[in-house]
Amino acid sequence: DDVDDDWNSDPRSWGGYVVVKLREGMIVPHHSFSGVDALKRVEKRLLPTTFRCAESAFPKWSDVRRHGPKDAPRYHLFVAEADPSALSVMMTRTLLGLKNVLSMDVADGQSGAGWVILKGAGCSPWKEERDRQTDDVQDDEPFWLHRVYQLGDPLCTAEIEVPLLWDAVEERIVSNDSWEIIRWLSELAATAAPGSVRISNTVEDVIGRKGGGDDDDGDDDNKPTLFPENVENEIHRRHTELVRPLIDAIDTAGIEYFKNERRVTAEVSEARTAIFAKLAKLNELLEERRFVAGDKLTAVDILLASCLFQFDAAYLDAYFLRECEGC
């Protein structure tokens, strides 16, 4: 983008930009948005870098309590309110009372270099850069999320995505998978030392329990969790078959529509049909029960809520979905 945006302005007022990704550590135009066939052929030859973490390898409560540089939290989240998956992680962190345990940066918007945080990153090693700025620098320098990916793996081929969980001590990416991170946050809250976290009053009476009970009686098997054992299979099934396909269909409907100069191609039509089919299924399901997996709030409800918030507030009009048959 040749336009020098005013970083102090509302990100929604910024001009257009080219969507980018990382290819072997370098920022390049994203093939899915560019329409350039040569880029698509190059992408097919490169295996994407995955930033996933086995459940057994996720940090334990004892790891989290080890502070990072200057006594800051060791683990840090990079998120964006405009992204439903990242928003679900933000909601989980708040509802489970983990705001003082995990620090977080919220991206201000997208740019021609990916997600940007206008006031700079709030975790190590980038926070130290900001702290070293001289007194004559009045404004914080913007920070681009691609730098986290490049430090985590200098030769990575990856989307510049949120959410992202960062280990400030080992300077590595733990995961950028929202479902993984939500599961970890849930387990973290359930295994925290007594008095270390406080479940939000908003959900305390409706959140699931590890053993499937109704109250937290101090028993470790009955601690609050977003993955109760008695409905865990149902949670994963609804996530895989219903909620995640809904989010993917919304993304496809928008991306393909604008990539094809606002023409309703076969891919757009198919995605739109899938959106309203999944919404109809959800309506049927929630006529029978209070929550997606039963009578308790679980992880799949939080992910669904974040998706529907964005759908009603933005995607329905931005992706011209009100005009669809069946709306």
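The values are calculated or read from the model by the stated rules, or taken from the named source; none is laboratory data. The model shown is predicted, which means the values in this text are computed figures rather than measured ones. We place every Cβ from the backbone using ideal geometry, glycine too, and count neighbours over all the protein chains shown. What goes into the accessible areas is simple: the full protein's heavy atoms, side chains included, and nothing from ligands, DNA or RNA. Shrake-Rupley method; radii C 1.70, N 1.55, O 1.52, S 1.80 Å.
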For the pair Glu241 and Thr94, the simple spin-label estimate (label points 7 Å beyond Cα toward Cβ) gives in nm 3.2 nm
Row for region 255-327, column shape: gyration tensor on C-alpha, a ≥ b ≥ c, rounded if a/c < 1.5 i.e. under 1.5, prolate if a/b over b/c, else oblate; value prolate
Given the peptides 304-315, 289-300, 152-163, arrange them by the average over their residues of other C-beta atoms within 10 Å, most packed first.
-> 289-300, 152-163, 304-315
Could you sort out which of Lys21/Lys278; Lys223/Lys278; Lys60/Lys296; Lys21/Lys127; Lys99/Lys127; Lys21/Lys210 sit more than 27 Å apart by Cα distance in this structure?
-> Lys21/Lys278; Lys223/Lys278; Lys21/Lys210
For region 233-278, what % of the accessible area comes from carbon and sulfur atoms, probe 1.4 Å?
-> 47 percent
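Compute the length gained on full extension between Glu229 and Glu261: take 0.36 nm times their separation in residues and subtract their Cα-Cα distance, giving the result in nm to one decimal.
Length gained between Glu229 and Glu261: 6.8 nm.
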In terms of modelled amide H atoms, which long-range or inter-chain residues lie less than 5 Å from the amide H of Gly114?
-> Val20
FRET efficiency for Ser269 and Glu170 from the Cβ-Cβ distance with R0 = 41 Å, rounded to 0.05, comes out at 0.30
In Å³ and rounded to a whole number, note down the convex hull volume per residue for the Cα atoms of region 81-134.
-> 95 Å³
Probe 1.4 Å, heavy atoms of protein chains only: per residue, the accessible area of region 71-196 in Å² is 39 Å²
For region 178-327, convex hull volume per residue from C-alpha positions, Å³ | 117 Å³
Could you list the square roots of 5 times each eigenvalue of the Cα gyration tensor of region 223-302, that is, the equivalent ellipsoid semi-axes, sorted largest first and rounded to whole Å?
-> 31, 13, 8
